[in-house]
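Participant: Below you'll find the structure I mean.
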């Protein structure tokens, strides 16, 4: 079995078999993360496909010094899902009869049943409640630090430091696995 790094370099050389192998290894994790963020299986499938298209296009951009292939791939998945969520949010508004813009009804399913068998879930369980909440709102719902401060009532500096500490804990935990 080839290493993830080997597969990325082979993908950069346009080896389709390497892409198939990387997909077999990581499509479930990418889908689970996208599903958690998007709260829709169909949207998560679209995001997962987008992730592997980006991997195909940007394999030569991978830098081992910046992290593992799995971290890089999950970062791409996270960004793709957040971008898709923002695109969907902007088109989920409807104009009412009096001209007001209003969000369409939310048809997303219950988040508690969404994510299973993903390493991130276990790592998130190792965080304090506040770190987990802030990271969840920032990374899975796409809120900015300013929006988090408004929503939670915490100072902006506290938000930033708690997220930074939480992410360091996640990196450490995920790195051990």
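The values are calculated or read from the model by the stated rules, or taken from the named source; none is laboratory data. It should be emphasised that the depicted structure is a prediction, and the values quoted were computed from it without experimental measurement. When we count neighbours, we look across all protein chains shown, and the Cβ atoms used for this are built from the backbone with ideal geometry, even at glycine.
Participant: Quick check on this structure: which one of 48, 68 is within 16 Å of the chain's Cα centre (by Cα) and crowded, with 19+ Cβ neighbours inside 10 Å?
Facilitator: 48
Participant: In the list 87, 14, 20, which residue meets the criterion of being part of a loop (DSSP other than H, G, I, E, B) and farther than 29 Å from residue 173 by Cβ?
Facilitator: Among 87, 14, 20, only 14 is part of a loop (DSSP other than H, G, I, E, B) and farther than 29 Å from residue 173 by Cβ.
Participant: I'm checking my understanding of the structure. Among residues of region 135-160 that are closer than 19 Å to residue 37 by Cα and in a loop (DSSP other than H, G, I, E, B), which one is modelled with the highest pLDDT?
Facilitator: The qualifying residue modelled with the highest pLDDT is 144.
Participant: On to the next question. Got a sec? Which of 68, 48 is in contact (Cβ under 8 Å) with a residue 40 or more places away in the chain and either touching a helix residue (DSSP H, G or I) at 6+ places or on another chain (Cβ under 8 Å) or in the same structural domain as residue 175 (by TED's automatic domain parsing) (or both)?
Facilitator: The unique qualifying residue is 68.
Quick grid of which residues meet (1) within 30 Å of residue 3 (Cα to Cα); (2) buried (at least 20 other Cβ atoms within 10 Å of the Cβ); (3) at pLDDT below 90:
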{"position": "27", "(1), (2), (3)": "yes, no, no"}
{"position": "42", "(1), (2), (3)": "no, no, no"}
{"position": "77", "(1), (2), (3)": "yes, yes, no"}
{"position": "90", "(1), (2), (3)": "no, no, yes"}
{"position": "104", "(1), (2), (3)": "no, no, yes"}
{"position": "110", "(1), (2), (3)": "no, no, yes"}
{"position": "115", "(1), (2), (3)": "yes, no, yes"}
